[in-house]
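The values are calculated or read from the model by the stated rules, or taken from the named source; none is laboratory data. Please read all numbers here as calculations on a predicted model, not as lab measurements. Don't worry about glycine lacking a Cβ; one is built from the backbone with ideal geometry, like all the others, and counts go over all protein chains shown. Surface areas here come from the heavy atoms of the whole protein model, side chains and all, with no ligands, DNA or RNA. Shrake-Rupley method; radii C 1.70, N 1.55, O 1.52, S 1.80 Å.
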Amino acid sequence: MAEECTHDCSSCGVDCPSKQEPQDMTEKLNAYSSVKRVIGVVSGKGGVGKSTVTSLMAVMFSRMGYHTAILDADITGPSIPKAFGIHEKAMGSEKGILPITTHSGIDIMSVNLLLENETDPVIWRGPILAGTVKQFWSEVWWKDVDYMFVDMPPGTGDVPLTVFQSLPLDGIIIVTSPQELVSMIVGKAVKMAQMMDVPILGVIENMSGYVCPDCGKKHYPFGESKLEAVAKEYGVEILGRLPIDAACSLACDTGKIESVLNPDAQAAAEKLEKLF
Ligand code: ADP
């Protein structure tokens with residue numbers, strides 16, 4: 001037994017003789033729902049573009065012909081409805097809460113679709129936050145979803161941990177940005193995923209330089225990327241690199257992410273699709 005044993009084998013990486021098999025803590029899906037694949041999108045901290053990458057992956061998978069959904073588990077920073085220009089409220093039905101469907105057919109559930117006023121802050125404690133995510137899984141009527149992308153809460157704290165344990169994730173994508181201490185962020189995400197027994201599908205570097213609109217040359221305002229070496233060190237695949245893109249930022253802020261043409265995001269989505 002580890003010296004500092006907490007008797008919580010589910011979150012302990014020590015391989016000791018008294019280790020117990022982790023209990024299955026995943027929530028049951030609504031009886032009328034069907035979700036084939038669940039992909040979590042994680043980041044070390046907020047602001048690196050996790051929600052943008054989640055939205056872009058959902059848009060690209062939808063364009064490939066899959067029925068796609070987004071479960072916005074970032075309860076305190078819900079930005080998915082805004083990116084898709086959704087302001088309606090979710091309604092209930094006898095078979096469960098109905099997600100809102102976007103113009104291109106992506107089903108979305110987010111706390112912002114339930115709040116009376118979407119600018120109201122969510123000032124809830126950890127267990128309530130995690131409980132809300134569980135309800136999004138078990139009480140929403142998800143109809144014939146091929147791929148669900150989960151915008152996970154940032155970091156590796158209590159809430160992301162509970163979300164990890166509650167949803168049957170088929171894998172995770174790690175989103176990093178060149179400003180971060182990439183090695184540490186990737187290392188932490190890899191360890192967390194290993195402890196939760198969830199495969200890492202790959203890493204996407206967001207805000208990865210920008211292409212000068214005048215001369216066409218790529219610049220790296222945060223320095224050259226260190227991702228190659230880090231990915232090699234941890235044995236994770238690089239799914240893609242998305243440069244800083246003013247058009248993408250504008251589309252996110254004005255609810256038009258479904259109109260974004262982003263060849264880098266498309267290539268990353270195609271690489272991701274091949275993993276299944
Ligand atoms: P997170 O979910 O990690 O907190 P967001 O996806 O909300 O981050 O992104 C934070 C801000 O950065 C948003 O305003 C978004 O439009 C912008 N942004 C994200 N990725 C890019 C990008 N590749 N190019 C330009 N702006 C971006």
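Results, tabulated for the structure shown:
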{"read-out": "Trypsin sites (Lys or Arg not before Pro) within the stretch 96-182: DSSP coil, no more than 14 neighbouring Cβ in 10 Å", "value": "R125"}
{"read-out": "Per residue accessible area in Å² of the chain, where ligands, DNA and RNA are left out and the probe is 1.4 Å", "value": "50"}
{"read-out": "Net lengthening on full extension, K232/Y220 (0.36 nm per residue, minus Cα-Cα)", "value": "2.2 nm"}
{"read-out": "Overall Cα dimensions of the chain - principal axes, largest extent first, Å", "value": "62, 49, 36"}
{"read-out": "DSSP-assigned coil residues among trypsin sites (Lys or Arg not before Pro) in the stretch 47-95, each with at most 15 further Cβ atoms within 10 Å", "value": "K89, K95"}
{"read-out": "Cα shape, the stretch 203-276, gyration tensor, a/c 1.5 rule", "value": "oblate"}
{"read-out": "Percent antiparallel among DSSP beta bridges (both partners in the stretch 25-273, rounded to 5)", "value": "20"}
{"read-out": "In Hz, Karplus ³J(HN,Hα) per residue of the stretch 236-244 (6.51, -1.76, 1.60; θ = phi - 60°; x = Gly, Pro)", "value": "10, 7, 8, 7, x, 10, 10, x, 5"}
{"read-out": "Modelled FRET efficiency - R0 41 Å, S249 with E94, Cβ distances, 0.05 increments", "value": "0.50"}
{"read-out": "Rel. contact order, % - alpha carbon contacts under 8 angstrom, at least six apart, the chain", "value": "25"}
{"read-out": "Apportionment of accessible area to carbon and sulfur, the chain, percent (1.4 Å)", "value": "53"}
{"read-out": "Relative contact order, percent, the stretch 171-251 [alpha-carbon distance under 8 Å, six or more residues apart]", "value": "35"}
{"read-out": "Whole-angstrom gap from the stretch 71-134 to the stretch 160-236, using each part's C-alpha centre", "value": "25"}
{"read-out": "Filtered GluC sites (Glu not before Pro), the stretch 79-136: DSSP coil and at most 12 other beta carbons within 10 Å", "value": "E88, E94, E116"}
